[in-house]
Structures are given as structure tokens and as C-alpha cells.
Amino acid sequence: MAGSRNRDDFCYRHPKTESFVLCQRCGNTICPECQVQAAVGFHCPDCAGVKKSGSLGGLFRRGSTRSVAVGTRPSATYVLLGIIVAVYAGQLLSGGLLTQLLLYWPPLTAIEPWRMVTTMFVHSQSSVFHILFNGYSLFILGTLVERLIGPGRFVTLFLFSGFGGSVLVSLLSPTSAVVGASGAIFGLFGALFVIQRSFGGANTQLLIVLGLNLVMGFIVPGISWQAHIGGLITGAIVANIMVRTRGEEPRRQRQGLGLVGLGLVALTVLGVLV
């Protein structure tokens, strides 16, 4: 309607300044004063690492209607990385015993279902590049996504995605033993795509990186593409629920996530029975 003004067309730092330029990373609307030149397009000051006192808030802060990067340290990402490193050290020191206790092998689902989650903290001992690649990916994606949704939701997203990866392994590759956080990491890819898309952000570069990583899962031996796809789908679903319920009663978001959890459990039971 003529004369209507969309609040999303105003800079998130300067609410009275109209702009139609979006940050290529988080989707914030940014005015010329806040635009930081990137390799492609522009980043907002927060994504570019520029701090401004009093201007930071969370994408899912109650009552918020805008995407704003959180300026706090991504502590949950660092904690998850610390756990992964500590577990890997335990794998090496125990001569592989810890690996056998925590990895996921579908035939054990009925009696040791926790392995579907613990496996994301275990990595291959035969190649240090496995933990290095996953650790680096978690650091890059985790710090970005956690700043967008906050530490609590980030941990929920990470665990649900890893669980979703294990579920698809149990259904499509029931004789394979799997280790690694790649399912959860692909969940972060899916979540970032959904979040950027919800605010009109460009996803071209993200899709290219995601596509290349998915292809590697099919052509490189020893990679569980089932875990990648399961994590990707689960992460996208979880993020979609978070985006759609932001600013509403927390109970609605918990209900949505609870339904996702029940769905994953139901699929797990199906995998056991089949």
C-alpha cells in the first residue's frame, strides 16, 4: 500500500535511516554508515568484528523483530570444541577404548541409545585431519550461528542435528559404525541457510560451500553422507521453528522443538524394529 513503511527496511543500528542493503552474513539491514566492504557485498559492523556499545542484541531476544548479531563471546562453541578435544585426547590415551564406548553402531541402538549423541564428540584416530576439519568448521560456523541465536538455542541446534544425523545412519546404513561431529556441523549449515533466507540474505556462497561438502560425502571413501544429510535436514527444521516462533511465548518454541525430538525418537524406534 502506498505510504506504508516496512521496519525491516531501516538500519538495525540507526532505526530512522532507511536502507535496502543487507549484511551478507546475518541478513541485517545496514545503512551506508554501517556498511563494511566485504569480498562480495557488505557486512554489518558486528559480523565484521566492529563493536559499538549498547547496539548489540540477540536475534531471538524476546520481543525482537530484527536480526541482530550477539556481541558476546560464543562461549558454547568454545565449550563444545573443548569437549571434542578432551575426548580425542582420551581416545588416544585409552588406546581406542573410549572410541569403542562412544561411537555409534546402529545394532546397539536398542541397548545403548546414547551413542547416537555421544558419537558426535568422537573422531577418527587414524587421521588427525578428521578432527582438525570438523573443529575448524565448528569454530567458523559455530561462532557465527551462536551469535545469531544465543548459546542455549545453539547447543540445542547442535545436539538435535547430530542426533538427526545418527537417525538417518540407522535407517539407511544400519551396519555402519560412525564417528564425528559432521552431522551436527551440517545442521549448522542448514540453520544458517534458513536464518539468512528468513531475512532476505544472499545464500549463493553458502549454497556453493554446502554443495561442495555434500558432494565430497558421496565421492570420498569413509565419509557418512547419511549423517550429513540427516544433520542438514534436522538443523534446517530446528532453525525454521526458532525463526517462526521468535518474539512469541517461549512455550511455543519448546513445543515445536519437542515435536522434532519426538519425531527423531520415533524414527529411531522404526530403525530398531526394521
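Computed from the coordinates by the stated procedures, all read-outs in this text should not be read as laboratory data. Predicted model only: the values in this text are computed from it and were never measured. Cβ: placed from backbone, ideal geometry, glycine included. Neighbour counts: every protein chain shown.
A few comments on the model shown:
- Rounded to the nearest 500, the helix-only mean residue ellipticity at 222 nm of the chain stands at -18500 deg cm²/dmol, with each DSSP H run of n ≥ 4 adding -39,500 (n - 2.57).
- About its Cα centre, the chain has a charge dipole of approximately 780 debye under the convention of +1 per Lys or Arg Cβ and -1 per Asp or Glu Cβ, with nothing else charged.
- Directionally averaged projected area (convex hull, Cα atoms, the range 118-274), nm²: 9.3 nm²
- Alpha carbon Rg of the chain, scaled by the compact-globule rule 2.2 N^0.38 Å: 1.07
- The range 188-258: Cα Rg divided by the 2.2 N^0.38 Å rule of thumb: 1.29
- By the Cβ rule of 4.7 Å, the chain holds the following cysteines without a possible disulfide partner: Cys26, Cys34, Cys47.
- Value of Rg to Rh for the range 92-183, rounded to two decimals, is 0.99; Kirkwood radius and Rg both from alpha-carbon coordinates.
- Pair-distance distribution of the range 129-183: all C-alpha pairs, bin width 5 Å, starting at 0; shares per bin in whole percent are 4, 18, 22, 22, 18, 11, 4, 0.
- Once both labels are positioned 7 Å from their Cα atoms along Cα-to-Cβ, the gap between Arg251 and Leu93 label points is 4.7 nm.
- 3J(HN,Hα) along the range 127-135: 9, 5, 5, 4, 6, 5, 5, 5, x Hz, from the Karplus curve 6.51 cos²θ - 1.76 cosθ + 1.60 with θ = phi - 60°, whole Hz, x for Gly and Pro.
- Taken over the Cα atoms of the range 95-139, the convex hull encloses 78 Å³ per residue.
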